[in-house]
1. List the pairs whose first member sits in region 1-28 and is within 23 Å of F95 (Cα to Cα), whose second member is among the aromatic types (F, W, Y) and modelled with pLDDT of 95 or more, and whose Cβ atoms are under 6 Å apart, counting only residues at least 6 apart or on separate chains?
2. Mind checking which pairs have a first residue in region 192-208 that is touching a residue at least 24 places away in the same chain (Cβ under 8 Å) and of a type outside the set (D, E) and a second that is part of a loop (DSSP other than H, G, I, E, B) and surrounded by 13 or more Cβ atoms within 10 Å (Cβ to Cβ), Cβ under 8 Å, 6 or more apart or different chains?
3. Restricting the search to region 209-225, which residues are part of a helix (DSSP H, G or I), over 17 Å from D237 (Cβ atoms) and in contact (Cβ under 8 Å) with a residue 12 or more places away in the chain?
4. From the list A298, A294, exactly one residue is under 27 Å from L88 (Cα atoms), touching a Leu at 6+ places or on another chain (Cβ under 7 Å) and within 13 Å of ligand 1 (Cβ to nearest atom). Which is it?
5. For region 175-204, give me the residue count where each residue is part of a helix (DSSP H, G or I), under 23 Å from the mean Cα position of the chain (by Cα) and within 19 Å of E136 (Cα to Cα).
6. Scanning region 255-271 for residues that are in contact with a strand residue (DSSP E or B) (Cβ under 9 Å, 6 or more places away or on another chain), in a loop (DSSP other than H, G, I, E, B) and of a type outside the set (G, A, S), which turns out surrounded by the fewest Cβ atoms within 10 Å (Cβ to Cβ)?
7. Determine whether F274 is of a type in the set (A, V, I, L, M, F, W, C), part of a loop (DSSP other than H, G, I, E, B) and more than 16 Å from ligand 3 (Cβ to nearest atom).
8. List every residue pair whose Cβ atoms lie under 9 Å apart, where the two residues are 6 or more positions apart in sequence or sit on different chains, the first residue falls within region 75-86 and is within 9 Å of ligand 1 (Cβ to nearest atom), and the second residue, located anywhere, is outside any loop (DSSP other than H, G, I, E, B) and among the β-branched types (V, I, T).
Amino acid sequence: INTFRIAAIAGDGIGKEVMPEGLRVLRAAASRFGFALELREFDWASCDWYAQHGQMMPDDWKEQLAGVDAVYFGAVGWPATVPDNVSLWGSLLKFRREFDQYINLRPVRLFEGAPCPLAGRKVGDIDYVVVRENTEGEYTNLGGVMFAGTEREIVIQESVFSRHGADRVLRYAFELANSRQRKALTVATKSNGIAISMPWWDARTDEMARQYPDVRVDKQHIDILCARFVLQPQRFDVVVATNLFGDILSDLGPATTGTIGLAPSANLNPERQFPSLFEPVHGSAPDIYGRRIANPIAMIWSGALMLDFLTQGQGSGRAAHDAIVRAIEDVIRSGPRTPDLGGDAHTEDVGQAIANQVKEF
Ligand code: NAD
Ligand code: IPM
Ligand code: MN
């Protein structure tokens, strides 16, 4: 029997409300599809832990995670008590970098029954995946403030792109596009305004494209790409973007499907040298925390992506993934639904309904 060792880190805010539902569904899938889960839950990587210890994670966090197959992660951030750059650089961004999770896969899909804000769209019109570069680019702490506090104050914030970093995410996206029926790859750029890194990114794209003659490549500036996410979502199949552009696209895309409360993500180290991390796209949502109305589907779908990755899309992991996704489809169609989907159910009602469905498949 397959055993998956999973570190469960709930984090802050609604991370603590959606995690139990994610675990509930994982347990249901384990009993239905015949695998074992060895869960290790951690209360660090949270702003509560920071309040007690003055840092987000223990010094030996890597040792504590030694031997886990994957990290299942809720959300981090509580800006009322800890500045966001401190909490995120001290936790999530550290995982992505130190575990070299250079691919952030963020599927976007319109479900039947979801309140799509775009006129006239039906299921199938919005169905693509954002491949976000996840370890470099615009996300750096390189730079500084000069003449601080004076009229001459100057701020410099560097971006860093490496050939290694760009090529590996482009290769992943080309491979993914090539494996899909439509073989359409959109590459986010901004080579008109960002005069050094983005023309360079375009050149890396062109070079990679030579190895994939069957993939249709469409470079689009990020501004019009955002507009087309809204106006022509059916154009997209695989979309690859740098760290910041991918971050923005992966909230915009789910918003066009009715709510970001559905959107999952897989932070992958494809070589499996380090654990990968699976988490909702959304954050800790302080504005709704404590009311038990957070949509747990992003967390639950992320769990399905985790099982799929752990089993390399084979056997019981793939079956469990497919069953969870089908249960999500059923529950979005027929309820119960949380308020972001137009319902009045609580977080645990949705988790229970999905878990029950999974057991029945
Ligand atoms: P957010 O994603 O937490 O919330 C944005 C809006 O979406 C809010 O109105 C919220 O109520 C709603 N929302 C989010 N998830 C929902 C769900 N599951 N169900 C229903 N509604 C949902 O973004 P924010 O407000 O910009 O950030 C809040 C905190 O979370 C900040 O500290 C931020 O840095 C952090 N954050 C963390 C992550 C992460 O851990 N991966 C991601 C984004 C933001
Ligand atoms: C996300 C989040 C993070 C990011 C923040 C919290 C640092 O928005 O996972 O999309 O920008 O990557
Ligand atoms: Mn984001």
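The values are calculated or read from the model by the stated rules, or taken from the named source; none is laboratory data. Model, not experiment: these values are computed from the prediction. No Cβ is skipped: glycine too gets one built from the backbone with ideal geometry, and neighbour counts run over all protein chains shown.
1. What qualifies is I6/Y72; A8/Y72; I9/F42; I9/F73; D12/W78; G13/Y289; I14/Y289.
2. Short answer, once both residue conditions are applied: S197/S159; S197/F161; W200/F161; W201/F161; W201/S191; W201/T242.
3. Scanning region 209-225 gives I222, D223.
4. Exactly one residue qualifies, and that residue is A298.
5. 1
6. Here the answer is P270.
7. yes
8. Final answer for the pair search is A75/V18; V76/I9.
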